[in-house]
Amino acid sequence: TIQKLIKNRLEVNDFYGNLKNNGRNNNVFNLLISENDKEAIKIARDMGRQKIVFENLVGKIVERGIKKFKNTQDKLILWAIDKDLELVGAGAKISTELNSHFKIPVFFCNKEKTALKGSVRANYSNKSAVEALKSCSDLLIDFGGHPKAAGFHIKKQNLKKLEEALEKFYAGQ
């Protein structure tokens with residue numbers, strides 16, 4: 001009902017913005033400007049279905065990452081997959097979940113057109129994610145964020161050099 005949507009609007013609005021319908025077709029925006037209850041309920045149901053797809057995809061990749069890095073003794077995780085996730089916020093959620101599990105900085109990348117799109121979470125580190133990226137900015141197309149979370153783009157051929165630069169950066173921690 002529209003009353004449920006109104007009551008839960010913060011949760012609806014906060015759900016990673018809207019997944020595939022980001023930008024021009026922003027679901028949250030369309031929900032807010034919907035002209036009637038029927039239209040609002042249709043949009044909300046679509047968002048609910050998308051959320052299930054999102055959570056399933058993220059869950060599977062996080063599970064894979066936990067298995068892949070279960071014996072890691074490293075000071076960070078850099079993991080790149082050659083797949084376009086196509087869901088806004090998936091990389092951020094994956095890096096957040098892995099960071100929470102391993103308690104070390106996580107740099108997760110996935111394919112996006114001609115480059116890799118990366119998401120960093122460093123909630124358990126005394127070193128800034130942005131400073132880590134600044135230390136190897138010559139390898140990056142772009143980057144930005146704040147001390148505990150950042151994003152970046154990198155050409156696939158620079159991935160090994162990025163790993164070496166990040167290991168050097170975190171070696172002093």
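When Rg and Dmax are taken over the Cα atoms of region 123-173, they come to 10.5, 29 Å. Taking 13 Å as the straight-line reach from the Cα of LYS83, the aspartates and glutamates in range (excluding those fewer than 8 positions away in the same chain) are GLU112. Restricting attention to the chain, close to 80% of DSSP beta bridges with both partner residues there are antiparallel.
Ranked from largest, the principal axis spans of the Cα set of region 95-154 equal 31, 21, 13 Å. Translational diffusion of the chain, estimated by Stokes-Einstein from the Kirkwood radius over alpha carbon pairs at 4 °C in a medium of 1.567 mPa s, is 75 µm² per second.
Taking every alpha-carbon pair under 8 Å whose residues sit at least 6 apart, the chain reaches a relative contact order of 15 percent. Against the longest alpha carbon principal axis of the chain, how many degrees, from 0 to 90 and to the nearest 10, is the axis of helix 159-171 turned? Its long axis makes an angle of about 70 degrees. What does the charge dipole of the chain about its Cα centre add up to, to the nearest 20 debye, if the Cβ of each Lys and Arg holds +1 and the Cβ of each Asp and Glu holds -1? Roughly 320 debye, rounded to the nearest 20.
With the charge dipole of the chain set up from +1 on Lys and Arg Cβ and -1 on Asp and Glu Cβ about the Cα centre, the Cα lying farthest toward the positive end among the listed residues VAL88, SER34, PHE143 is that of VAL88.
The residues of the chain expose, per residue, 60 Å² of accessible area to a 1.4 Å probe.
Potential lengthening of the chain between LYS4 and GLU164 amounts to 52.6 nm, from the contour at 0.36 nm per residue minus the alpha-carbon distance. Calculated over region 27-94, the projected area of the Cα convex hull averaged across directions stands at 5.7 nm². Across region 81-150, the relative contact order, built from alpha-carbon pairs under 8 Å that are at least six residues apart, equals 27 percent.
Ligands, DNA and RNA left out, the 1.4 Å accessible surface of the chain is 50% carbon and sulfur atoms. Taking the C-alpha atoms only, the angle from helix 90-102 to the longest principal axis of the chain is near 60 degrees. The calculated 222 nm mean residue ellipticity attributable to helices in the chain amounts to -15000 deg cm²/dmol, summing -39500 (n - 2.57) over DSSP H runs of n ≥ 4 and dividing by all residues.
The angle between the Cα long axis of helix 37-68 and the longest principal axis of the Cα atoms of the chain comes to about 20 degrees, rounded to the nearest 10.
The modelled label-to-label distance for the pair ALA171/ILE52, using points 7 Å beyond Cα in the direction of Cβ, is 5.0 nm.
The values are calculated or read from the model by the stated rules, or taken from the named source; none is laboratory data. Since we're looking at a predicted model, the values are computed, not measured. With ideal geometry, Cβ positions are generated from the backbone for all residues, glycine too; neighbour counts draw on all protein chains shown. The accessibility values were calculated without ligands, DNA or RNA, using every heavy atom of the protein model including side chains. Shrake-Rupley method; radii C 1.70, N 1.55, O 1.52, S 1.80 Å.
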